[in-house]
Amino acid sequence: MEGAFSFGRNMISRNNQTRIDRNQRRLDAGLLSKHFPEVASIVISMVYNQTGSRTVRRTLNFYPGSCALFRVDCLSDDCVNGGFDLAWIISDMVRNRSAASKGELGCDDSGPRPGHSNIVYEVAIQYA
Ligand SMILES: [Zn+2]
């Protein structure tokens, strides 16, 4: 999506649209218990590595009453459609009843923007 750069004046409305999409995604996501009734908790630990600068640690906890939204934003302010989707990793793990997994992900937005981040993640799942 290079549109955000070419049409600077549309940036604000585009960001609003992104926010609306994000809220909609949260509503669409539904509860964790609905998707994975056998899961008691999920812990995602991440280390963000942003090109050239900072390292940020973040831990996300999910319980049966949490929204099943496993999408994490990129650190780059200019990143419009990027981010990291851990949903497929988690559904794979649940399918195999795997308790722990680790790996690395790059931002979904492969555009030539500065400051994209990548993450090193660890996922721990407890089953009921
Ligand atoms: Zn990005």
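Given 103, 115, which one is open to solvent by less than 50 Å² (accessible area, probe 1.4 Å) and more than 16 Å from the ligand (Cβ to nearest atom)?
From the options 103, 115, the qualifying one is 103.
What helices (runs of 4 or more DSSP H), lying completely within the stretch 1-116, carry at least 1 residues that are at pLDDT 90 or above?
32-35, 87-95
When you go through (1) open to solvent by less than 50 Å² (accessible area, probe 1.4 Å); (2) near the ligand (Cβ under 8 Å from one of its atoms) one by one for residue 87, which number turns out not to apply?
(2)
Inspect all residues belonging to the stretch 105-113 and state whether any of them is under 17 Å from residue 44 (Cβ atoms) and without any contact (Cβ under 8 Å) to a residue 24 or more places away in the chain.
Narrowing the stretch 105-113 to residues under 17 Å from residue 44 (Cβ atoms): 105-108.
When the remaining residues are screened for being without any contact (Cβ under 8 Å) to a residue 24 or more places away in the chain, the result is 105-106.
Yes, because at least one residue in the stretch 105-113 is under 17 Å from residue 44 (Cβ atoms) and without any contact (Cβ under 8 Å) to a residue 24 or more places away in the chain.
The values are calculated or read from the model by the stated rules, or taken from the named source; none is laboratory data. All values reported here derive from a predicted model rather than from experimental measurement. Every residue, glycine among them, receives a Cβ derived from its backbone with ideal geometry; neighbour counts consider all protein chains shown. What goes into the accessible areas is simple: the full protein's heavy atoms, side chains included, and nothing from ligands, DNA or RNA. Shrake-Rupley method; radii C 1.70, N 1.55, O 1.52, S 1.80 Å.
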